Amino acid sequence: MVIVVVLRALTAYRPAASVGVPVVRSASTTETAGTELTITTWNLGYAGLGRDADFVADGGRRLRPASRQEVQTNLAAITDHLQHQPAVVLLLQELARACFLTRGVDVLAAVTASVEAPAVAFTPTVSVTGLPLVGDLTVGKGTFSRFQTREATRRALATAADAGPLVLQHFNVLVTRLPV
């Protein structure tokens, strides 16, 4: 099993320092942003880190939520809150595809389906496949815009130099350009 983990880590997602990110457009819009924008930024915590979470990185004992129901309950509250935001641009972190951390719930798909955003850009921070006992893991950040989006670019941020080839989390910033 150790060999499989090492092989997966060595062949994992290794993005370039700067790379274009596809902007998925659910509708064609020619509307451009004005001179004033309302922006919401939020770390969604995989929809699993609610008030009752016992997360290991916060001194708790769990790596993921206690149940799938807990993720679904959190996700319903998240999407409801996002639907009622006056923001025209959403900058969201820790969006996850269906995976071990979310107990199989696709947080990214649910958020994308629930918000009014003709333009969506997503880039992973972690993207690895076939981990033993865990399976595939894709977690990242996204920009959701109600306006036309010209382009999105993923730019790498510094990673610990001593981590070597076993780095699974690739810190980055998602630069999204909107014509004004």
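The values are calculated or read from the model by the stated rules, or taken from the named source; none is laboratory data. Here the structure is a predicted model, which means the values were calculated and not measured. All Cβ positions, even for glycine, are placed from backbone atoms using ideal geometry, and neighbour counts span all protein chains on display. What goes into the accessible areas is simple: the full protein's heavy atoms, side chains included, and nothing from ligands, DNA or RNA. Shrake-Rupley method; radii C 1.70, N 1.55, O 1.52, S 1.80 Å.
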Checklist entry - Taking K and R as +1 and D and E as -1, what net charge do the other residues with C-beta under 13 Å from the C-beta of ARG103 add up to? => result +2
Next on the checklist: I'd like the Karplus ³J(HN,Hα) series for region 34-47: coefficients 6.51, -1.76, 1.60, θ = phi - 60°, whole numbers in Hz, and an x wherever there's a Gly or Pro.
Outcome noted: x, 8, 9, 10, 9, 10, 10, 10, 7, 8, 7, x, 6, 6
Checklist outcome for this item: Computed curve, region 119-159, Cα-only Debye sum without solvent term, log₁₀ I(q)/I(0) at 0.29 Å⁻¹, is -1.00
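Provide the packing ranking of 56-67, 36-47, i.e. peptides ordered by the mean count of other C-beta atoms within 10 Å per residue, highest first. Show your work: numbers first, answer last.
On the way: 56-67: 12.2, 36-47: 15.8.
Descending packing order for the listed peptides: 36-47, 56-67.
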Item to check | Cα gyration tensor category, rounded, prolate or oblate, for region 5-151 with a/c compared to 1.5 | outcome: oblate
Item to check | In order through region 92-102: 3J(HN,Hα) via Karplus (6.51 cos²θ - 1.76 cosθ + 1.60), integer Hz, x for Gly, Pro | outcome: 10, 10, 6, 7, 10, 6, 4, 7, 3, 4, 9
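Send over a whole-number figure in Å² for the accessible area per residue of region 18-78, probe 1.4 Å.
On the way: 4160 Å² over 61 residues.
Counting only protein heavy atoms, the per-residue value for region 18-78 is 68 Å².
Please give the direction-averaged projected area of the C-alpha convex hull for region 77-165, in square nanometres with one decimal.
Values: hull surface 29.1 nm².
Taking the Cα atoms of region 77-165, their convex hull projects to 7.3 nm² on average.
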Checklist outcome for this item: A convex hull over the alpha carbons of region 16-73 yields, per residue, a volume in Å³ of 218
Checklist outcome for this item: Expressed in nanometres to one decimal, the distance between label points 7 Å along Cα→Cβ at ARG177 and GLN69 is 4.9
